[in-house]
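**Q** Take a look at the following structure, please.
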Amino acid sequence: MSDWERASTARVLPPARPRKLAKVPFVELADGRVQGVVSSGSDIGRVYVSSVAASTYEFSCSTNNNRPCGGARGMFCNHILALINESTLQYGAERVARYLRVEVPEPTAQAISQTMSATRPSQGDSTAAASVFSQFLRHLAYLEFEASTAPVPELQWFPSTRAVV
């Protein structure tokens, strides 16, 4: 058994490339979707909760108040395109393409988006928006903690970037 298997922490892969968090502060590959929170380009107080499902490419985009995105009318809006782009920066284009089950010869954010758009994906309901936004708010709450080396009980499950031996 290796050292990391005996440790109480899990290995975390670093981002494929550094990304700016101002436009897409939260992105994850979870629940069979690429999902996250995208900042509004016109209103600093508004965010959009966007997602794209694997295989079907069914998409959803709505405000944090569950109002539908005006740009997502039968095609990917700019929020979803930004989400896909940032997910490739965070996880790598190959991993995102594999997760979404998109077959492209050279995985890039643009190739993934174009391939999915060519299938004419349908706009789904935004039932996942509440849970995605809730996860985002939970992550933000940790930013309010004072800097400390003491253990935080609710973060004991959280993966560490360094191995504990």
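**Q** Tell me which helices (runs of 4 or more DSSP H) are completely within the stretch 57-165 and hold 1 or more residues being modelled with pLDDT of 90 or more and over 17 Å from the mean Cα position of the chain (by Cα), or say none if there are none. Spell out the reasoning first.
**A** On the way: elements: 78-91, 93-100, 109-118, 129-141.
In the stretch 57-165, the matching helices (runs of 4 or more DSSP H) lie at 109-118.
**Q** Next question, about the same structure. If you check residue 49 against the conditions, is it over 16 Å from residue 116 (Cβ atoms), in contact (Cβ under 8 Å) with a residue 60 or more places away in the chain and not polar (S, T, N, Q)? I'd like the intermediate steps shown before the answer.
**A** Values: over 16 Å from residue 116 (Cβ atoms): yes; in contact (Cβ under 8 Å) with a residue 60 or more places away in the chain: yes; not polar (S, T, N, Q): yes.
The answer is yes for residue 49.
**Q** With 68, 18 as the choices, which residue is touching a residue at least 40 places away in the same chain (Cβ under 8 Å) and over 18 Å from residue 124 (Cβ atoms)? I'd like the intermediate steps shown before the answer.
**A** Values: 68 fails: over 18 Å from residue 124 (Cβ atoms).
Every option except 18 fails the conditions.
**Q** Go through (1) crowded, with 20+ Cβ neighbours inside 10 Å; (2) at pLDDT below 80 for residue 14 and report which single condition fails.
**A** (1)
**Q** When the residues of the stretch 62-112 are narrowed to those that are polar (S, T, N, Q), surrounded by fewer than 19 Cβ atoms within 10 Å (Cβ to Cβ) and touching a helix residue (DSSP H, G or I) at 6+ places or on another chain (Cβ under 7 Å), which ends up nearest to residue 43 (Cα to Cα)?
**A** Within the stretch 62-112, the match that is nearest to residue 43 (Cα to Cα) is 64.
**Q** Next question. Out of 46, 101, 73, 120, I need the residue that is among the basic types (Lys, Arg) and under 20 Å from residue 28 (Cβ atoms). Which one?
**A** Values: 46 fails: under 20 Å from residue 28 (Cβ atoms); 73 fails: under 20 Å from residue 28 (Cβ atoms); 120 fails: under 20 Å from residue 28 (Cβ atoms).
Answer to the check: 101.
The values are calculated or read from the model by the stated rules, or taken from the named source; none is laboratory data. Remember, predicted model here, so these are calculated numbers, not experimental data. Virtual Cβ from ideal backbone geometry, glycine too; neighbours counted across all protein chains shown.
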